[in-house]
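The values are calculated or read from the model by the stated rules, or taken from the named source; none is laboratory data. Just so it is clear, the model here is predicted, and its values are computed rather than measured. Backbone-built Cβ (ideal geometry, glycine too); neighbour counts: all protein chains shown. SASA here: full protein model, heavy atoms, side chains in, ligands and nucleic acids out. Shrake-Rupley method; radii C 1.70, N 1.55, O 1.52, S 1.80 Å.
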Amino acid sequence: MTVAIDRATGERRGDRGRRPGRIERLKHSYQKYWYAYAMITPVVVVLGVLVLYPLVRGLYLTLTDANSLNSARTIGVNHIDATYEFIGFDNYADILWGPTSYDRFWSHFIWTIVWTALCVTLHYVIGLGLALLLNQKLRGRTFYRLLLVLPWAVPTFVTVFGWRFMLADGGIINSVLESLHLPTPLWLEDTFWQRFAAIMVNTWCGVPFMMVSLLGGLQSIDATLYEASEMDGANAWQRFRHVTLPGLRSVSSTVVLLGVIWTFNQFAVIFLLFGNTAPDAQILVTWAYYLGFGQQPRDFAQSAAYGILLLTILIVFTSFYRRWLNRNDQQLAI
């Protein structure tokens, strides 16, 4: 390596200086960005209290046999200490490979996967169709947009309770079907129709978000691309396939990932629609709630183990999903 010497100062230029240590780098970073650290400190504290501590506490409970009978509790003026014991990974082994693992975990896991796939597919297909329609120049477009966003604006519990009343035996849906001399399903009692109703209600709640997101993506696509494709003789399907879908790629990848996470953990729709009356329609998150709060004795350890398994499944899915997207992006760039 060539080293130049400054004749005025005698210093050697070209030598690599000593790399500062980690403590020095942290000190320099704090001195330079102290204001940013001060701004994010409250957020870090809140996340630590509301997210990190419950997560660590729940992870610890999964390694014990904690339930409502051996946990610490206060009855009147008497305080009873906790007597649960550390049992390692026995809860996970019992959930995944125990004698009743299929009825308690795998059947709900399969239904959760089917539920998530069907709901997200319906959200995306219907949302994209409505977004394409609202992206056209039609009279009353603003009114239609407001009307279609209403299911998303209304609180979820109001929407679900409304559907519950309509799906009841004497509800408006069965009354209309009966007046048309059509079969009246047991929406809230039969397993198949319970699942069908859950997908229908969740689709109603989730389509507006997908529609609004995709509509924003459609409006960001350069109009000259459509003009160029028309000049090249492309028909409507070819413009949709080669211009619209690639233009929506970044938006679609994000909303689909969010849709999968939200739907996989969609507690409100299932719980408010059925409560604890539909064991075969429960997805993993509602089943975990049932184990921890809907039975006696309440099994805190198993419920927490379900939560950790849910988190693990979503982390693995997100990792593979992002890698798949990155690999496809690299192939398209080539």
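General observations
- Counting only helices (runs of 4 or more DSSP H) that sit completely within the stretch 230-284, those holding 3 or more residues that are open to solvent by less than 70 Å² (accessible area, probe 1.4 Å) and in contact (Cβ under 8 Å) with a residue 60 or more places away in the chain correspond to 249-264, 267-274.
- Residue count for the stretch 36-77 satisfying the condition of being of a type in the set (D, E, K, R) and under 22 Å from A93 (Cα atoms): 2.
- Members of the stretch 290-328 found to be of a type in the set (A, V, I, L, M, F, W, C), farther than 17 Å from L96 by Cβ and over 23 Å from the mean Cα position of the chain (by Cα), listed by number: F300
- Pairs where the first residue, in the stretch 307-323, is touching a residue at least 40 places away in the same chain (Cβ under 8 Å) and the second is open to solvent by 50 Å² or more (accessible area, probe 1.4 Å) and not in a helix (DSSP H, G or I), C-beta under 8 Å, 6+ apart: L310/N265; L314/N265
- Among the candidates T312, T318, T277, the residue that is β-branched (V, I, T) and closer than 17 Å to V56 by Cβ is uniquely T312.
- So I172, is it open to solvent by less than 80 Å² (accessible area, probe 1.4 Å) and either of a type in the set (A, V, I, L, M) or touching a Gly at 6+ places or on another chain (Cβ under 8 Å) (or both): no
- Only listed residue being out of contact with any His (no Cβ under 7 Å at 6 or more places or on another chain), under 26 Å from W111 (Cβ atoms) and open to solvent by 80 Å² or more (accessible area, probe 1.4 Å), chosen from E227, E189: E189
- Residue check, Y102 within 16 Å of T263 (Cα to Cα) and at pLDDT 90 or above: no
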